[in-house]
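Trainee: Quick one: structure below, then a few questions.
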């Protein structure tokens, strides 16, 4: 009986190895060319023209300070210091973008050599991060998550097109849809 078990064990092992070799030869274990890694589209892929402008403090006609807060799934995200200062595009004497930060408190410095309208999109483009009605940073709206934006406590739907003004308090909240 032990001899029969040994024979059947050998036959079974050989059959499994043969089956695996056949499956490998047929490409069963090769990655499927039709499966493409999902890359999240980003609003920062195409820069707003103002996001490309560089300046210094010498001839400013406009200097305002809105403040932005981003909350994702209940946690406030720190806005880094020096966004838009001494970048690969803006360096040397003209070392600042139109929108930039000095500290990490969420204050956006909006500066221009002549007065004009600057949308929130410019800040996110300079930062290199996504923001519009489809999501913020690496988060995207889906059947279970939503994005909301408030300016001075009032819910708005202008998202990236919102025009920045002095002392505005901008809150962007991303999180789960609850009880709607």
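Trainee: Mean-square fluctuation check for the chain, GNM, Cα pairs under 10 Å: which of 98, 118, 154 is largest?
Mentor: Highest fluctuation among the options: 154.
Trainee: Taking only Cα atoms and a 10 Å spring cutoff, compute GNM fluctuations for the chain and point out the largest among 18, 47, 55.
Mentor: Among 18, 47, 55, the largest mean-square fluctuation in the Gaussian network model of the chain belongs to 18.
Trainee: Roughly how far apart, in whole Å, are the Cα centres of segment 144-175 and segment 5-29?
Mentor: Measuring centre to centre over Cα atoms gives 60 Å.
Trainee: Taking percent of Cα pairs over 25 Å apart as the quantity of interest, determine which of (1) 58; (2) 49; (3) 37 was computed from the displayed structure.
Mentor: Entry (2).
Trainee: With an 8 Å Cα cut-off and a minimum separation of 6 or more residues, compute the relative contact order for segment 110-161 in percent.
Mentor: 31
Trainee: For the residues 148, 93, what sequence is obtained by ranking on other C-beta atoms within 10 Å, fewest first?
Mentor: 93, 148
Trainee: Now for a separate question. State, as an integer percentage, the relative contact order of the chain based on alpha-carbon contacts under 8 Å between residues 6 or more apart.
Mentor: Computed value for the chain: 24 percent relative contact order.
Trainee: In a GNM of the chain with a 10 Å cut-off on Cα contacts, which of 167, 129, 24 has the highest mean-square fluctuation?
Mentor: For the chain, modelled as a Gaussian network with Cα springs under 10 Å, the answer is 24.
Trainee: What's the FRET efficiency of residue 57 with residue 166 using the Cβ-Cβ distance as r and R₀ = 22 Å, to the nearest 0.05?
Mentor: Calculated value: 0.80.
Trainee: For segment 85-180, build the convex hull from the C-alpha positions and give me its volume per residue in Å³.
Mentor: Given the Cα convex hull of segment 85-180, per-residue volume reads 114 Å³.
Laboratory data are not the source of any read-out in this text; all were calculated from the coordinates shown. No experiment lies behind these values; they were computed from the predicted model shown. All Cβ positions, glycine included, derive from the backbone under ideal geometry; neighbour counts span all protein chains shown.
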